[in-house]
Structures are given as structure tokens and as C-alpha cells.
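See structure below.
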Amino acid sequence: MTVSTADTMLYLNGVSVAFDGFKAINELSLVLEEGEMRAVVGPNGAGKTTMMDIITGKTRPDKGEVIFAGNVDLTKHDEAGIARMGVGRKFQKPTVFETHTVEDNLLLSLKGSRGVFDLLFARRTKAEQARIDELLDLIRLGDRRSEKAAALSHGQKQWLEIGMLLAQDPKVLLVDEPAAGMTDAETMQTAELLRQVAGEHTVMVVEHDMDFVRALGVKVTVLHEGSVLAEGSLDHVSSNPKVIDVYLGR
Amino acid sequence: MILRALDLKSQIFLAITLIVAALVPVLNLYVPESSAFHVSSFAVALFGKYLTYALLAISVDLIWGFCGILSLGHGAFFALGGYAMGMHLMREIGDRGVYANPLLPDFMVFLNWKELPWFWHGFDMFWFACLMVVLVPGALAFVFGWFAFRSRVTGVYFSIITQAMTYALLLAFFRNDMGFGGNNGLTDFKDVLGYDLQSDTTRAGLFALSALALAGGFLICRLVVTSRLGKVLVSIRDAESRTRFLGYRVEGYKLFVFTLSAMLAGVAGALYVPQVGIINPGEFSPANSIEIVIWVAVGGRGLLVGAVVGAIIVNAAKTLLTGWVPEIWLFALGAIFIFVTLFLPKGVLGGLSAFVDLIGAKTKSKSEAKGPSSTAPQLAE
Ligand SMILES: Nc1ncnc2c1ncn2[C@@H]1O[C@H](COP(=O)(O)OP(=O)(O)O)[C@@H](O)[C@H]1O
Ligand SMILES: [Mg+2]
């Protein structure tokens, strides 16, 4: 098994969690290097979302540790704390603040103080505005900035949520099925967007869509019944007979 | 900050409230009864009471409308503020009570108590009572919220435990040995700060104070909801876990706004008691707290002014109906609630403003059709 090194950003070590006796995650170990982008694939119910729940503090594992940036065990922290340390997460179902404007969605996501009284007196700074403008360009929503997020299309909401992740300036981005419900063109644009942000950030993308994974062109981890089945390039794993058996062959 | 908080609608609301605060006392005290403009003392007392209800409704709207916290126990904070003020008014009676005991309120003499319980000390001082009016409800809300929000009690479960809280207080305050006058509560007040509570001048003054408190409470709520903190509250209401994953400790924000809201409710209770002349455990009844939520729903949730409108409409209806056929009030309240839920999901005010917007949009599109300029929509922004 791989071991944690100096430039390891995320290291899941022997993580297990069971729901009512059902082992959703089973002795899962996984290493993400700093700046790496990784695609995680696997059949429905393989435990991909649960793995993200564990990394982000939503679910406590029964066993194992999640080492972040070499020294912090994330299993000892709560969601907000983990987010502040620099782990951003996009949900499987796009989740944005529907009644806020696109711009406010980004404003609230920006890295900065989260203190109750700081926020009561906070005013938008020039630097904040500049960062918002930058992000709006990146996610191609500049012309819809003052509209309510509820008015966006499904694909645009996915982008807005990715923009909100980037606004936090996280070290690690966990992206759960970003292409779900997108048109082919949108899917390819999303892959492009993620490739653009990788490098600066460590990114883990969960996705079903094989064209999308191919477009990402990164190392792939196949998850099955809560543990790693295979790891390597897409061509490498898709020729693995075990993988074909449980996932691709079906 | 103040400017951002005061959009046109808020300015109109504040202006009306301040005019009412000034005008009604004048029309009551200085316009002769024969004049058509005279406002009767009965009306002053009645509307003064409505104003305190309106402040209470605003406090509920702040947490429910903007942060999604449905408290069905806010009557408790109102009642606690009321009791704090009532305790001062009891002490101010002094030796003018039936038993003429300079230190002990009548009910304590009646119970054969020899000395003042420790928690009654200090209430002879008006400023101390005023402090308790906000601190006691605030402290209860803080402790209650601390446990509830940290254990992530939300939604219906939260509503149910707030009902349990107010019910527990109801039972406690019913007991004579609690030292709050038991079943009868606190009453027979004589005066406040030396002003006779029965006099028209004092009553007009209390009315004006209630209107000012409503304006002040409204302003505070507007400052909160228009700040960045307010945006976070709405985010929590709409997508709590998204907010957490952006690094916000949701419980802290909820605790802040819940405590603030309880303090406002306490102030409302403190203004209510001298105007109605009594505070008893009935104010803790769970049904009262549910009624407050209905006021807000009827007026329109998440609008602040809607809460005021709802509180006044529903209570005016209650006054009329209970004077007429008291038995049907609860049925009527249920009917109003169902009607509003079905036909005006955004409440009376929400429905009204949607209607106004619709008319506005129609006239706008007409003028656009006439006008040659295609940039009209942008200018309208
Ligand atoms: N909170 C939970 N309680 C009970 N079972 C859960 C919970 N979360 C996930 N599961 C179960 O764990 C398994 C893995 O789910 P999930 O991680 O969502 O899969 P994936 O995202 O790979 O499709 C599923 O069988 C699911 O039903
Ligand atoms: Mg999933």
C-alpha cells in the first residue's frame, strides 16, 4: 500500500464506516498528491459520496484516519472547520443559494472571516469585488450576476457551485458528479473548467460519464463496495477484468 | 449601513410608525371628545396592545422568515419580559397594597412569606427591571439555543421542544411557591416611575413608547437582515449544509439571531404588561405561541412589515369576534390560517406586493411597447 509522503495532500488510511451493519466504506485507502486531479468511478452505491462525506466531516468513520496536508486528521473536525482548512465540496445535486443573486452566492463563499459580528458590519471590499468578477468570468456567468440563482439552468447552477468552491480558495476540491444532467457540450465545458483549476488545487472528481472522465485525462480510481478495486489510467483500469465485471461490463 | 437598511418601503413603514407614535397621543389628549378626530382612551389602550404584539411578531419573523427557525415558544420570552416588568410594578405599589406591607407584594403576605425571595431583589429599581426585561429572555434563549442548535435539532423537532419549553414554564409559573403570584399572576399595579397607570396621559405615553419600540425593533431587524450576516441567515434557511461546507458554523448564527429575537420579544412583553394591567401564567400557554406564528404567516413571512400587518389584522379580528361571538374565535383563526395558506401563500402583504408588481410590470411593458428605445429595461434597473 502507498504511504503518506511530504507532498501528499490527502491520505485516507484504512477507513471503514457501516450503516446499520451495512459496510458502505470498507478498509478504504487512497492517496492524493498535491496538485493532482483524480477521477473516481464506480457503480451506484459503491460509496463515492459516502467517502466525500467522511472527508468533509459530515460522516464520522468507524475506523481509520483521513490525513490532510500531511498532519491534520480530518476525522477529528467538523464540517465548518474542515471547510475553513481548505477542503471545498460540490454536492451531487447542485446546491446553491437560490434566493441570493449569483454574485452574492460567490460573495458568501469567499475566503474570509466567518465571525457573526464581523459579518454584521462587513462591507464589500474592492479586492472581494475583483475576485468575484474574476470567478464570474471563469464560470461564464458574468452577464447573469445580479439574477437570482434560482433562475439559472441546471448546468449553470453546477458551474456556480464550482465557482463557489473556488471562491473559498481551497487546497482540495471534492466534486461529486459535476456533469450529471448536463448536455454534451456543457459536459465538455465542465471538463475544461476543471482541467483549468487543477494544478493550483488538488481535485477529486466523482463521475459516471466515461466520456467526461476520458476528457479529464487523469489517473482513475475504481471504487467497488466501499474499497478500491483498481487504480491507473483509464485504459489500464478499463481493461482490468475485475473492473469490467463489476462496472464497465454491465 | 443605516442607509442600506432603509429602502423605500422601510422608510414608509418607519414614517407611519413615528407619525402614529406622535399623532395618536395628541388626538387622544388634546382633541376634545366631541371632535371627529378624537381618539378614545379605549382605542389607545387597544392599539397600544396591538403594537406590542406587532413587535413580538417581528421578533418571530426575524428567526422564522429569515433563518427558517420556527419557534413555537416565543410567547415564553414575551411573558418573561412581561413578568420582569410586572415585578417592578409590584414593587412600586409599596405599602399601598391591601396588606400595606412596604416590602412584600400582597400575594406573598397572603402566603405568609416573611421575606422577599432573592430573585425579587433589585426589581424595585426601574433600570434593573429594564435590564432583566432583555437579559432574562435573552439568557433563556441562549442556553436553550446552545443545546438545541449544537445538537442540530432542526425543523419540527425544534418547534416541538419550544412548545415543551413554554409549557414547562406555564406549569412552573402556576405554582404558588415559585414566587410569581401563581395562578393569579401579578396585577393591581398602581403606577410606573410615579405616573399613574390609570391616567390617560400615562396610557398615551405607553402607546407612544410601544410605537417607538416597534420602530426601533424594526430598525434593528432591518440592520441585521440587510447585512452580510443577514445573507448568511437566509443561506442557512435555504441550504443549511451548503452553508456549513462553506465554513460557516451554523449554530453560532442561529444562536445569535434566536437570542436577539427573544430579547425583542421580552421588550414587547414589558410594554404589554403596564397597558393591560396584568401578567399571569396564561401568557405561557402553548396556544399563544402558535397564534404568533399565525400572525406572521397571515401578514407574510420574511418581510418584517408583513408580521406587523398580520399581528394587527388578526388581533383586530379577534377583538371584534370575541366581543361578538366568543366561542367561534378559534374556528375563525383556523379558517383565516387555512385561507391564507391556500390563497395567499406569501401572506396578505406578500400577495399585495406581488399584485402591485404585476400592475407595475403591465404598465411598464405597455410603455416599453410605445417607447422606441430598447434599452428601457436596463434603465429601469
Ligand atoms: N446516511 C446513510 N445511512 C444509511 N445508508 C447510507 C447512508 N449514506 C449512504 N448509505 C448507503 O451507502 C451506500 C453507498 O452510498 P453512496 O456513497 O451514496 O454511493 P455512490 O455515491 O457511490 O453512488 C449505499 O448503499 C447507500 O444506500
Ligand atoms: Mg453518489
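The values are calculated or read from the model by the stated rules, or taken from the named source; none is laboratory data. Here the structure is a predicted model, which means the values were calculated and not measured. Virtual Cβ from ideal backbone geometry, glycine too; neighbours counted across all protein chains shown. Quick note on the areas: whole protein, heavy atoms, side chains included, nothing else; ligands and nucleic acids left out. Shrake-Rupley method; radii C 1.70, N 1.55, O 1.52, S 1.80 Å.
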Ignoring ligands, DNA and RNA, what accessible area per residue does region B:3-363 give at 1.4 Å, in Å²? 44
Nearest-ten-degree value, helix B:329-343 long axis tilted from longest Cα axis of chain B: 20
Hey, got the average number of other protein chain Cβ atoms within 10 angstrom for residues in A:115-126? 4
For region A:48-127, what is the accessible area per residue in Å² when the probe is 1.4 Å? 42
Most positive-pole-ward Cα, A:SER233, B:ASN288, B:ALA148, against dipole of the protein assembly as shown from beta carbon charges: B:ASN288
A/B buried area, accessible surface, summed, 1.4 Å probe, Å²: 2800
Determine the order of A:LYS23, A:LYS48 by accessible area, beginning with the largest, at a probe radius of 1.4 Å. A:LYS23, A:LYS48
Charges at C-beta only: +1 for Lys and Arg, -1 for Asp and Glu. How large is the resulting dipole of chain A about its Cα centre, in Debye rounded to 20? 460
Given B:LYS49/B:LYS114; A:LYS63/A:LYS157; A:LYS126/B:LYS254; A:LYS58/B:LYS9; A:LYS23/A:LYS157; A:LYS23/B:LYS231, which pairs have Cα atoms separated by over 31 Å? B:LYS49/B:LYS114; A:LYS63/A:LYS157; A:LYS58/B:LYS9; A:LYS23/A:LYS157; A:LYS23/B:LYS231
Just tell me how shielded B:221-234 is by partners: mean number of partner chain Cβ atoms within 10 Å of each residue's Cβ, no decimals. 4
Size of charge dipole - region B:3-363 - debye, nearest 20, with Cβ of Lys, Arg +1 and Asp, Glu -1, no other charges: 1480
Treating the angle as unsigned and between 0 and 90°, give the value, to the nearest 10°, between the Cα long axis of helix B:305-324 and the longest Cα principal axis of chain B. 50
Tilt, helix B:228-238 to longest principal axis of chain B (alpha-carbon atoms), in degrees rounded to tens, equals 80
Of all accessible surface on the protein assembly as shown at a 1.4 Å probe, what whole percent is carbon and sulfur? 62
At 7 Å along the Cα-to-beta-carbon direction for both B:ALA15 and B:LEU342, put a label point, then send me their distance in nm to one decimal. 3.9
Relative contact order for chain A: what percent, with Cα pairs under 8 Å and sequence separation of 6 or more? 26
One finds, for B:ASN112 and B:ILE328 with R0 = 60 angstrom and r their Cβ-Cβ distance, a FRET efficiency to the nearest 0.05 of 0.85
When you have a sec, figure out the Kirkwood radius of the protein assembly as shown from all distinct Cα pair distances and drop it here in Å to one decimal? 28.0
Just going by the charge dipole of the protein assembly as shown, with Lys and Arg at +1 and Asp and Glu at -1 on Cβ, which of B:GLY73, B:SER41, A:PHE97 is farthest out on the positive end? B:SER41
When the dipole is taken about the Cα centre of the protein assembly as shown, and only Lys, Arg (+1) and Asp, Glu (-1) are charged at their Cβ, what size is it in debye, to the nearest 20? 740
Pairwise FRET efficiency - A:PHE117 versus B:VAL98, Cβ, R0 = 51 Å, nearest 0.05: 0.55
Give me the inter-chain shielding for A:49-58: mean count of other chain Cβ atoms within 10 Å, whole number please. 1
